[in-house]
Amino acid sequence: MNLIVNKLLIASLCCSLAGVFIILYIGENYQPGGFYIKEINETFLDKYIKVGGTAEKVFTGKGITIVDLKDSSGWIKVVAFSNMTGIKKGMRLEVVGIVKEYEDELEIIAEEIKVV
């Protein structure tokens, strides 16, 4: 009886560890789906999205960078609360962030900006 309990304990421990590692892997590698800018509307508020486009205007201030991002369907303002001095007008970017509303306009609060 004691041998069966030990085997069950080891099996349950292995399954638990495997589950934890799977959750960690998914959490590190999850990327939200990509969208065209024209598809972004109020239903996306407070949700993570990924968009790509070209930097049309870039403003870099103390602790903030604002980019007007444009794709073939429209444009949206991207706000990053850090100085991203490497971003220049005309660069192709991929942005992951949360959709927010500010002064009756939708914008993306960027968590990650990649030059592609």
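FYI, it's all coordinate maths here, none of it is from the lab. Keep in mind that this is a model prediction, so the values were computed, not measured. Don't worry about glycine lacking a Cβ; one is built from the backbone with ideal geometry, like all the others, and counts go over all protein chains shown.
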query: Between residue 14 and residue 81, what FRET efficiency follows from the Cβ-Cβ distance if R0 is 30 Å, with the result rounded to 0.05?
result: 0.10
task: Please give the peptides 38-47, 15-24 ranked by average Cβ packing (other Cβ atoms within 10 Å per residue), highest first, as a rough proxy for protection.
output: 38-47, 15-24
statement: Label model pair residue 41, residue 106: point-to-point distance (7 angstrom along the Cα→beta-carbon line) in nm is 0.8 nm
- prompt: If you average the sequence gap of Cα pairs under 8 Å that are 6 or more apart and divide by the length of segment 1-96, what percent do you get for the contact order?
  reply: 24 percent
- request: Identify, among 3, 97, 63, the residue whose Cα sits farthest towards the positive end of the charge dipole of the chain, taking +1 on the Cβ of Lys and Arg and -1 on the Cβ of Asp and Glu, with the dipole about the Cα centre.
  value: 3
- request: Sticking with the crude label model, points 7 Å out along Cα→Cβ, report the distance from residue 3 to residue 72 in nm, one decimal please.
  value: 6.8 nm
- line: Within the set 54, 65, 85, GNM on the chain using Cα springs under 10 Å gives the largest fluctuation to 85
task: Excluding residue 101 itself, calculate the net charge of residues whose Cβ lies under 13 Å from the Cβ of residue 101, where each Lys or Arg counts +1 and each Asp or Glu counts -1.
output: -3
- line: Filtering GluC sites (Glu not before Pro) in segment 66-116 by DSSP loop and by at most 12 other Cβ atoms within 10 Å leaves 103
field: Partner lysines for residue 70 [C-alpha distance under 30 Å; skip if fewer than 8 residues away on the same chain]
entry: 38, 47, 50, 57, 62, 88, 89, 100, 114
